[in-house]
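The values are calculated or read from the model by the stated rules, or taken from the named source; none is laboratory data. A quick note: this is a predicted structure, and the numbers were derived from the prediction, not measured. Here the Cβ positions follow ideal geometry from the backbone for every residue, glycine too, while neighbour counts run over all protein chains shown. Quick note on the areas: whole protein, heavy atoms, side chains included, nothing else; ligands and nucleic acids left out. Shrake-Rupley method; radii C 1.70, N 1.55, O 1.52, S 1.80 Å.
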Amino acid sequence: MKNNNNGCTKKEPLECNYQIIHKLPPGDSPYVRAKYAQLVEKDAEAAIVLFWKAINAGDRVDSALKDMAVVMKQQDRAEEAIEAIKSFRDRCSKQAQESLDNVLIDLYKKCGKLEEQIELLKQKLRMIYQGEVFNGKPTKTARSHGRKFQVTIKQETSRILGNLGWAYMQQSNYAAAEVVYRKAQQIDPDVNKACNLCMCLQKQSRYSEARSVVEDVLQGKISGSDDPKSKNRVEELLKELEPFGSFGYTSPSPQLNLEDAFLDGLDQLINQYAPFRSRRLPIFEEISPCRDQLAC
């Protein structure tokens with residue numbers, strides 16, 4: 001039978017429609033059958049078995065390993081997915097490693113493995129300031145909900161810092177989270193990180209500083225300030241701060257620090273993205289003598 005433009009034969013119209021709708025690759029390899037089981041038959045267990053076969057057969061290993069880990073996470077098999085990535089990522093291309101790291105971070109988050117998540121986020125930040133991400137390009141193509149879009153190194157750095165700050169918050173390490181969120185806001189400020197920074201300050205009983213952060217949002221000084229959900233969150237934070245009035249104190253700095261190489265790397269990034277600002281925040285000048293809590 002003659003193939004049409006989609007690579008399907010006229011004898012297989014139903015299968016062809018599935019390939020178009022679900023963007024399935026053509027063929028009948030283990031990986032293709034795994035995707036069919038995952039997307040069309042909605043049979044996660046069968047898909048995982050076929051993804052394993054694809055990996056062992058060397059069939060699109062980059063995609064097979066990543067897709068299998070995602071399906072495992074959906075099936076509450078995150079621990080197994082972590083071990084699979086660690087065991088088989090050496091079979092994947094260099095280009096696939098960054099995507100696998102992103103999947104690992106989600107898996108660590110799912111499992112509550114905060115230390116592993118934090119270490120991997122720091123590693124990704126090191127790679128950024130060492131110029132080892134995006135394969136040397138200023139942007140990369142990302143995908144979300146089936147849509148492709150371009151991500152800049154600046155946006156990626158801010159995103160990773162935001163995730164790192166959130167991980168520290170889950171450890172109740174609010175001073176460390178504050179440090180990271182302040183850096184993130186220097187690079188690419190947004191409302192979500194501003195609200196999280198406010199929470200960090202509130203947890204440290206620094207209420208006037210916390211109020212100042214959210215007031216910047218209300219005054220429209222931060223990107224996304226006009227979003228209704230963001231406004232609601234800011235109003236909720238202000239209500240939480242009301243009982244404290246002007247009480248609280250302004251801390252000179254958190255008593256912690258990042259390792260020199262890690263801190264210098266972040267400063268270099270900020271220098272790159274915000275060249276007209278001071279190279280080093282006063283808060284980091286003050287905490288430089290301390291070296292123990294945020295070591296990479």
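Answer yes or no as to whether Gly224 is over 19 Å from Asn173 (Cβ atoms), surrounded by 15 or more Cβ atoms within 10 Å (Cβ to Cβ), within 26 Å of the chain's Cα centre (by Cα) and not aromatic (Phe, Trp, Tyr).
yes
Could you grab me the full set of residues in the range 46-60 that are among the charged types (D, E, K, R) and open to solvent by less than 70 Å² (accessible area, probe 1.4 Å)?
Our first condition is that a residue be among the charged types (D, E, K, R); within the range 46-60, this holds for 53, 59-60.
Answer for the range 46-60, where residues must be among the charged types (D, E, K, R) and open to solvent by less than 70 Å² (accessible area, probe 1.4 Å): just Asp59.
Read through the list (1) under 23 Å from Val179 (Cα atoms); (2) out of contact with any helix residue (DSSP H, G or I) (no Cβ under 7 Å at 6 or more places or on another chain); (3) not charged (D, E, K, R), then give the number of the only condition that Ser144 fails.
Tallying (1) under 23 Å from Val179 (Cα atoms); (2) out of contact with any helix residue (DSSP H, G or I) (no Cβ under 7 Å at 6 or more places or on another chain); (3) not charged (D, E, K, R), Ser144 fails exactly one: (1).
Considering only the range 120-134, state which residues are hydrophobic (A, V, I, L, M, F, W, C), modelled with pLDDT under 95 and either under 13 Å from Trp166 (Cα atoms) or assigned to a loop (DSSP other than H, G, I, E, B) (or both).
Here is the first cut: in the range 120-134, the ones hydrophobic (A, V, I, L, M, F, W, C) are 120-121, 125, 127-128, 133-134.
From what is left, the residues that are modelled with pLDDT under 95 are 125, 127-128, 133-134.
If the condition is that a residue be hydrophobic (A, V, I, L, M, F, W, C), modelled with pLDDT under 95 and either under 13 Å from Trp166 (Cα atoms) or assigned to a loop (DSSP other than H, G, I, E, B) (or both), then Val133 is the only one that fits.
Would you mind stating whether Thr139 is buried (at least 19 other Cβ atoms within 10 Å of the Cβ), β-branched (Val, Ile, Thr) and over 24 Å from Gln219 (Cβ atoms)?
So Thr139 fails the test.
Looking for something part of a helix (DSSP H, G or I) and more than 25 Å from Gln170 (Cβ to Cβ) - is there at least one such residue anywhere in the range 101-119?
No, the conditions are met nowhere in the range 101-119.
Only residues that are in contact with a Leu (Cβ under 9 Å, 6 or more places away or on another chain) and of a type in the set (Val, Ile, Thr): list them for the range 142-172, please.
Correct list: Ile153, Thr157, Ile160.
Limited to the range 180-198, what total is found for residues that are in a helix (DSSP H, G or I), open to solvent by 30 Å² or more (accessible area, probe 1.4 Å) and charged (D, E, K, R)?
Residues flagged as in a helix (DSSP H, G or I), open to solvent by 30 Å² or more (accessible area, probe 1.4 Å) and charged (D, E, K, R) within the range 180-198 amount to 1.
Please give the number of the condition Glu236 fails out of (1) open to solvent by 50 Å² or more (accessible area, probe 1.4 Å); (2) within 22 Å of Asp106 (Cα to Cα); (3) assigned to a helix (DSSP H, G or I).
For Glu236, the exception is condition (2).
Hey, among Ser63, Ser87, which residue is in contact (Cβ under 8 Å) with a residue 12 or more places away in the chain and open to solvent by 20 Å² or more (accessible area, probe 1.4 Å)?
Exactly one of Ser63, Ser87 is in contact (Cβ under 8 Å) with a residue 12 or more places away in the chain and open to solvent by 20 Å² or more (accessible area, probe 1.4 Å), namely Ser63.
Is at least one residue of the range 6-22 modelled with pLDDT of 95 or more and assigned to a helix (DSSP H, G or I)?
No, the conditions are met nowhere in the range 6-22.
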